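Novice: One structure coming up, written as structure tokens, with questions to follow.
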Amino acid sequence: TLLRKAGLQPGEDIMIGLLVDNPASVQMLNEILQERINYISIDLNRLARYSLAVKKNDEVNVMHPAVIKQIKMIVDAAGKQGIKTGVCNFNASIDVIEQFVKLGIDNITANNDDLDLVRKSVAKVEKRLLLNVARDSFKKNVTDYKSL
């Protein structure tokens, strides 16, 4: 409402983003998406910590099924409205990055030290996914050809 009072249209005149870092934001996502936003960033460490009730200095499992389910909910809801999603604030590893790519995350924010790992991991996973699509398409075409 402040932007509208200033004569600006959120999501049109100015880019608006949403930081999701707690389960309440995930539960209210459909209502939040009624506002015009352009992107969603998921603070993975905080979302996992608050979802799993983990103390601040304790290790948190960002790959816990409850956390992954919430990320999937965010990606699906945002995707239906053409809104890009990204993740930030996590310890980069090949397994975590692979999961993000498979879930459909559009953007991964990483520390400078992790950039090379993130780039290589995303490229590797995307190549594997494309190869699987090509193989499935080839198998379907061969099957269709044999049935002629």
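The values are calculated or read from the model by the stated rules, or taken from the named source; none is laboratory data. Remember, predicted model here, so these are calculated numbers, not experimental data. A quick note on method: Cβ atoms are made from the backbone with ideal geometry, for glycine too, and the neighbour counts reach across all protein chains shown. The accessibility values were calculated without ligands, DNA or RNA, using every heavy atom of the protein model including side chains. Shrake-Rupley method; radii C 1.70, N 1.55, O 1.52, S 1.80 Å.
Novice: Which numbered condition in (1) farther than 21 Å from N107 by Cα; (2) part of a helix (DSSP H, G or I) is the only one that V54 fails?
Specialist: Single failed check for V54: (2).
Novice: Please identify the pairs in which a residue from segment 1-15 that is assigned to a loop (DSSP other than H, G, I, E, B) has its Cβ atom under 7 Å from the Cβ atom of a residue that is surrounded by 11 or more Cβ atoms within 10 Å (Cβ to Cβ), counting only partners at least 6 apart or on another chain.
Specialist: L8/I14; G11/R36; G11/I37; G11/N38; E12/R36; M15/N38
Novice: Please identify the pairs in which a residue from segment 37-66 that is touching a residue at least 12 places away in the same chain (Cβ under 8 Å) has its Cβ atom under 8 Å from the Cβ atom of a residue that is of a type in the set (D, E) and open to solvent by 90 Å² or more (accessible area, probe 1.4 Å), counting only partners at least 6 apart or on another chain.
Specialist: Final answer for the pair search is M63/D95.
Novice: In segment 117-132, how many are at pLDDT 85 or above and exposed (fewer than 11 other Cβ atoms within 10 Å of the Cβ)?
Specialist: Residues flagged as at pLDDT 85 or above and exposed (fewer than 11 other Cβ atoms within 10 Å of the Cβ) within segment 117-132 amount to 3.
Novice: Let me ask you something else. Just one of A77, A66, A134 is farther than 23 Å from S25 by Cβ and among the aliphatic types (A, V, I, L, M); which is it?
Specialist: Working: A77 fails: farther than 23 Å from S25 by Cβ; A66 fails: farther than 23 Å from S25 by Cβ.
After ruling out the rest, the residue left standing is A134.
Novice: Now for a separate question. Note down all Cβ pairs under 6 Å where the first residue falls in segment 79-95 and is open to solvent by 70 Å² or more (accessible area, probe 1.4 Å), the second is in a loop (DSSP other than H, G, I, E, B) and not aliphatic (A, V, I, L, M), and they're at least six residues apart or on different chains.
Specialist: Every condition considered, the pairs that remain are K84/D106.
Novice: Inside segment 67-123, can you point out the residues that are in a strand (DSSP E or B) and among the hydroxyl-bearing types (S, T, Y)?
Specialist: Initial filter on segment 67-123 (in a strand (DSSP E or B)): 84-88, 107-108.
Across segment 67-123, the qualifying residue is only T85.
Novice: Which of the residues belonging to segment 4-44 are open to solvent by 100 Å² or more (accessible area, probe 1.4 Å) and over 28 Å from V62 (Cβ atoms)?
Specialist: The answer is R4, K5, E12, Q34, R36.
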